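Below is one structure, written out as structure tokens; the observations come after it.
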Amino acid sequence: MSQQLTANDELVSDVVACQLVIKQILDVIDVIAPVEVRDKMASQLKSIDFSSHQAGVDPVTRRAIQKAIALIELKFTPQSEAH
């Protein structure tokens with residue numbers, strides 16, 4: 001690659017790379033995991049008490065957890081239940 005990227009561009013490319021890997025992992029989970037496992041994934045994240053957990057101190061981490069919950073729930077919501 002001949003073009004130099006800024007630090008922000010590198011950060012964005014890291015995020016996009018992680019999103020691509022996560023998408024692949026979710027596709028695999030969608031195939032092999034029973035509904036109970038999927039529900040447990042979301043409920044484990046929902047059970048984090050932000051008032052006492054370290055994640056609650058960092059707003060970026062807190063937002064990331066909220067997005068992860070939304071991603072799991074969106075990914076595994078059957079099409080018939082989606083609005």
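The values are calculated or read from the model by the stated rules, or taken from the named source; none is laboratory data. Source: prediction; values computed, not measured. For neighbour counting, all protein chains shown are included, and Cβ atoms are generated from backbone atoms with ideal geometry for every residue, glycine included. Each accessible area value is taken on the protein alone, full model and side chains, heavy atoms only, with ligands, DNA and RNA left out. Shrake-Rupley method; radii C 1.70, N 1.55, O 1.52, S 1.80 Å.
Taking the conditions (1) hydrophobic (A, V, I, L, M, F, W, C); (2) loosely packed, with under 11 Cβ neighbours inside 10 Å; (3) modelled with pLDDT under 85 in turn, ILE65 satisfies each one other than (2). Restricting attention to the range 23-45 and to residues that are over 11 Å from the mean Cα position of the chain (by Cα) and of a type in the set (D, E, K, R), the residue that is modelled with the highest pLDDT turns out to be LYS40.
Of all residues in the range 19-40, those satisfying the criterion of being farther than 14 Å from ALA68 by Cβ, hydrophobic (A, V, I, L, M, F, W, C), open to solvent by less than 100 Å² (accessible area, probe 1.4 Å) and out of contact with any helix residue (DSSP H, G or I) (no Cβ under 9 Å at 6 or more places or on another chain) are VAL28, VAL35. Filtering the range 46-58 for residues that are surrounded by 11 or more Cβ atoms within 10 Å (Cβ to Cβ), modelled with pLDDT of 85 or more and outside any loop (DSSP other than H, G, I, E, B) leaves a non-empty set. Close Cβ contacts (under 8 Å, 6 or more residues apart or on different chains) running from residues in the range 22-37 that are under 15 Å from LEU74 (Cβ atoms) to residues that are modelled with pLDDT under 80 and of a type in the set (D, E, K, R) comprise LEU26/LYS75; ILE29/ARG38; ASP30/LYS75.
Using the structure shown, decide if VAL16 is open to solvent by 80 Å² or more (accessible area, probe 1.4 Å) and either of a type outside the set (Lys, Arg) or modelled with pLDDT of 85 or more (or both). When the stated conditions are applied, VAL16 does not pass them.
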